[in-house]
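Taking it in order: structure first as structure tokens, then the write-up.
The values are calculated or read from the model by the stated rules, or taken from the named source; none is laboratory data. In this text the structure is predicted, and so the values were computed from the model without any measurement. Here the Cβ positions follow ideal geometry from the backbone for every residue, glycine too, while neighbour counts run over all protein chains shown.
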Amino acid sequence: MTDQTEQTGTSLAALAENAAASGAWWTQDALETRSPLELPTRVLNILDNAGIRTVDQLKAQGPQKLRKLEGIGKQGFEQIVALLRALDRQANGGET
């Protein structure tokens, strides 16, 4: 039996959870610094309302569609791009 996450891709909501759990979140300044693998709740809610719940779905949208989502401004779009770049670095053996 295959896990649903494997079938549909990595859940956007699970990324931040995993990043926080694997790091030293309790160290000084760690709670004030957002992981590049973590999107703000506001952005996650906008994506979720648009039916975008996995990394694969996010990548498939492309920049034009993402920019047109109501509520995704310049900062939200830049946070999404930062997430995708961090995932790319991680997949290629780099640090996040």
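Inclusion of T41 among residues that are polar (S, T, N, Q), under 22 Å from A91 (Cα atoms) and at pLDDT below 95 is not warranted. Of all the listed residues (I46, I72), the sole one being surrounded by 14 or more Cβ atoms within 10 Å (Cβ to Cβ), at pLDDT 90 or above and not in a helix (DSSP H, G or I) is I72. Within segment 46-84, the set of residues being among the charged types (D, E, K, R) and farther than 17 Å from A14 by Cα comprises K65, R67, K68, E70, K74, E78. In segment 75-96, which residues are among the polar types (S, T, N, Q) and in a loop (DSSP other than H, G, I, E, B)? Within segment 75-96, N92, T96 qualify.
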